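Coordinate-derived values only; no laboratory data. Note that the structure is predicted; figures quoted are calculated from it, not measured. Counting neighbours? That spans all protein chains shown, and the Cβs are built from the backbone with ideal geometry, glycine included.
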Amino acid sequence: MMADDENKTDEKRSKSPQSRTTSIVIPDDYTSYSLDDFCVPAHYYDDLKCVLLPKGLILDRVQRLAEDICHDISSPLVALCVLKGGYQFFTDLLDCIKNHNATSEKSFQMQVDFIKVKSYMNDQSTGVVNIMGSDNLASLKGKSILIVEDIIDTGNTMVKLLETIKKFEPKQVMVASLLLKRTKRSNGYRPNYTGFEIPDAFVVGYALDYNEYFRDLNHVCIINERGKKRYAANT
Ligand code: HPA
Ligand code: MG
């Protein structure tokens, strides 16, 4: 890259707001991919409508999010994974951040922590948000926190989680969510970093589940009615 181009990139980045609200918007009339165009496990083939986001596309987007995060964040950083759905995004995002740190002049120290949040039964929010896990949230005091989440749907879980985390007096809290659902049920919350803004459909795969199924699916897919019935929770 020519020196002039490098300066332009820096200039462009330094003008970016600290909290980014840009994301790739997948429109409602988006033509998703047929299951036959990608490798989908046979045990889920009849339970899915289509592939919405192939894993390769997700990985490329995650790399870009990691670059933005590395540019914005201050050290020391605690990357906080929201289990279970966030584990794949967390792993891939941290791999990119570690690679950035290993090759960049400006690197920062990072710690990891995990919390578990559960608020869904079948494809409906129960309205009750349970936060479990890390018993050492007090260690977040004075640190930069990056909460890593798979999906923001109503936004209620994240608002509740942020209230809880802020009680521990971190220096800064940022949220990275792979997906942001466009839904009438949204409370208006938007994360600092969003991978893809998606239509109002129930999605599974890349660690996102439907009653604990489909985490073992590489791509983000839309579940069909047969899949919803087949894996419905026994209530
Ligand atoms: N898929 C998986 N988990 C979720 C979703 C979804 O579409 N929305 C909220 N939690
Ligand atoms: Mg989640």
**Report entry** Contact order normalised by residue count of the chain, Cα under 8 Å, 6+ apart, percent
**Finding:** 26 percent
Query - ARG185 versus ASN234: modelled label distance in nm, points set 7 Å from Cα along the beta carbon direction - result: 2.5 nm
Query raised in the report: Roughly how big is the chain's charge dipole about its Cα centre, with Cβ charges of +1 (Lys, Arg) and -1 (Asp, Glu), in debye to the nearest 20?
Result: 840 debye
Report task. Sticking with the crude label model, points 7 Å out along Cα→Cβ, report the distance from ASP68 to VAL159 in nm, one decimal please. Result -> 2.3 nm
Report task. For TYR45 paired with TYR30, estimate the spin-label separation in nm (one decimal), with each label point 7 Å from Cα along the Cα-to-Cβ line. Result -> 2.5 nm
**Report entry** Dipole of the chain, positive end: most advanced residue of HIS219, ILE198, ILE131 [Cβ charges, Cα centre]
**Finding:** ILE131
Report task. Using Cα positions and a limit of under 25 Å, work out the lysines in reach of LYS166, with same-chain residues fewer than 8 apart set aside. Result -> LYS84, LYS116, LYS118, LYS141, LYS143, LYS181
Query - Fluctuation leader among GLY86, GLY205, GLY155 - the chain, Gaussian network, Cα springs under 10 angstrom - result: GLY155
**Report entry** Within straight-line cross-link reach of LYS171, aspartates and glutamates at Cα separation under 18 Å, skipping those fewer than 8 residues along the same chain
**Finding:** ASP72, ASP113, GLU163
